[in-house]
Amino acid sequence: MAQARICAVGAGRMGRGIAHVFAYAGFEVALLDAKPRTSEEFARFRGEALAEIEGSLATLAELGLFETAAIDRIVARIRVLPRSDAATAVDGAAVVFEGVPEIKEAKAGAFALIDPYLAPEAIVASTTSTFLVDELIGFVSRPARFLNAHWLNPAYLVPLVEVSPSGRTDEAVIQALEKLLTDVGKVPVRLKASPGYIVPRVQMLAMNEAARLVEEGVASAEDVDKALLYGLGFRFAVLGLLEFIDWGGNDILYYASRYMTDATGESRFAAPSIVDRNMHAGRNGLKDGVGFFDYRERDLEAYRKSRLAGFLDQLRLAGLARPPA
């Protein structure tokens, strides 16, 4: 798939980010504007889209990611096409990413626009953060080649892409998309169709709780964010959430959850049953050798050192690593 052409349907923020990623990786990209516009409106829109992508590239070059001289070469790989050129945009594309606004009618319209021109072997992926794959699958004529691929903004920077197939998606299609994403520097994770996916679901709970802290007068917005940047963010830039449960001990989470539920009277702090089961089965993480992950065959000393090295990297990045007095 290294020589494949990519098409992004919808030339807004997500489409532009995807075009940036693939053009940077050496792919030819067709960025299809899904909205009807006059020729004058489209010419202006096309200029704005390319200018935004070029601006993002220029910022990354200025920050030292690559040489500025490469910008023109990267942007030249992107063609921004009007809705009337849907056949040209989609023709020969190995993968088509749909990224129109999160309105079901808009999604239906986008798929209707491109479906007649898709190559039989083309993979079609919606980037939706709202609709599950099974809610959209009726809009495509080849369900075995359709799935969701949820990118996080800014798409050209955040590595994660959440890949959510339906029960009808061909396994070879899933693997091909995962490989393509990996090849362009992304980190795909696979999940079942579930509201909120992984990151938005966890992120929503964290953001709401941070807002409640301010609402309740527990701390100022500045101090809440400082705590999250230098505490929560510091830890979870190195350890995954489930890994952190194992690191500190599932039993700690079990008792802390019971305390918070009793102290606040709020059921949202109650631990899920898997935490209770792990607690009583002696699966409390590193100290038991098994938790959410199995550590029994690991070199635990090397593992701990690698994670501590990651924490030190974060400390240096924050400008807080200091020599001894």
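Data for the structure
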| item | result |
| --- | --- |
| Close pairs (7 angstrom Cβ cut-off, 6 or more residues apart or separate chains): under 14 Å from LYS35 (Cα atoms) in region 6-18, in a helix (DSSP H, G or I) and among the β-branched types (Val, Ile, Thr) anywhere | ALA8/ILE18; VAL9/ILE114 |
| Test result for GLY310, touching an Asp or Glu at 6+ places or on another chain (Cβ under 6 Å), in the same structural domain as ASN208 (by TED's automatic domain parsing) and in contact (Cβ under 8 Å) with a residue 40 or more places away in the chain | no |
| In region 153-174, residue surrounded by the fewest Cβ atoms within 10 Å (Cβ to Cβ) [restricted to those that are within 25 Å of TYR117 (Cβ to Cβ) and of a type in the set (S, T, N, Q)] | SER166 |
| Test result for SER129, surrounded by 16 or more Cβ atoms within 10 Å (Cβ to Cβ), in contact with a helix residue (DSSP H, G or I) (Cβ under 7 Å, 6 or more places away or on another chain) and modelled with pLDDT under 95 | yes |
| Out of VAL96, VAL21, sole residue that is surrounded by 20 or more Cβ atoms within 10 Å (Cβ to Cβ) and more than 18 Å from PHE111 (Cα to Cα) | VAL21 |
| Test result for GLU222, at pLDDT 95 or above, part of a helix (DSSP H, G or I), surrounded by 12 or more Cβ atoms within 10 Å (Cβ to Cβ) and of a type outside the set (S, T, N, Q) | no |
| Pick from region 202-219, criterion of a type in the set (D, E, K, R) and surrounded by 12 or more Cβ atoms within 10 Å (Cβ to Cβ), ranking: farthest from THR128 (Cα to Cα) | ARG212 |
| Counted residues, region 20-29 - those being free of Cβ contacts under 8 Å to residues at least 60 places away in the same chain and under 13 Å from VAL96 (Cα atoms) | 2 |
| Residue match in region 140-152 (condition: assigned to a helix (DSSP H, G or I) and either surrounded by fewer than 14 Cβ atoms within 10 Å (Cβ to Cβ) or among the β-branched types (Val, Ile, Thr) (or both)) | no |
| Some residue of region 126-136 being assigned to a helix (DSSP H, G or I), over 22 Å from the mean Cα position of the chain (by Cα) and in the same structural domain as LYS186 (by TED's automatic domain parsing) | no |
| Residue among ALA210, ALA227, ALA155 that alone is of a type outside the set (D, E, K, R), in the same structural domain as ASN284 (by TED's automatic domain parsing) and in contact with a helix residue (DSSP H, G or I) (Cβ under 6 Å, 6 or more places away or on another chain) | ALA210 |
| Members of region 99-126 found to be surrounded by 15 or more Cβ atoms within 10 Å (Cβ to Cβ) and closer than 15 Å to ASN148 by Cα, listed by number | GLY99, VAL100, PRO101, LYS107, ALA110, PHE111, ALA122, ILE123, VAL124, ALA125, SER126 |
| Scan of region 33-75 for residues that are among the small types (Gly, Ala, Ser), surrounded by 16 or more Cβ atoms within 10 Å (Cβ to Cβ) and touching a residue at least 12 places away in the same chain (Cβ under 8 Å), ordered by number | ALA34, ALA49, SER56 |
| Scan of region 209-234 for residues that are closer than 16 Å to LEU320 by Cα and of a type in the set (Gly, Ala, Ser), ordered by number | ALA227, GLY231, GLY233 |
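Listed here are the residues, each with its yes/no results for (1) over 29 Å from VAL158 (Cα atoms); (2) within 29 Å of the chain's Cα centre (by Cα).
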site: VAL238; (1), (2): no, yes
site: ALA270; (1), (2): yes, yes
site: ASP288; (1), (2): yes, no
site: ARG296; (1), (2): yes, no
site: ALA309; (1), (2): no, yes
site: ALA325; (1), (2): yes, no
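The values are calculated or read from the model by the stated rules, or taken from the named source; none is laboratory data. For clarity, every value in this text was computed on a predicted model and none was experimentally measured. Using ideal geometry, Cβ is built from the backbone for each residue, glycine included, and neighbour counts are taken over all protein chains shown.
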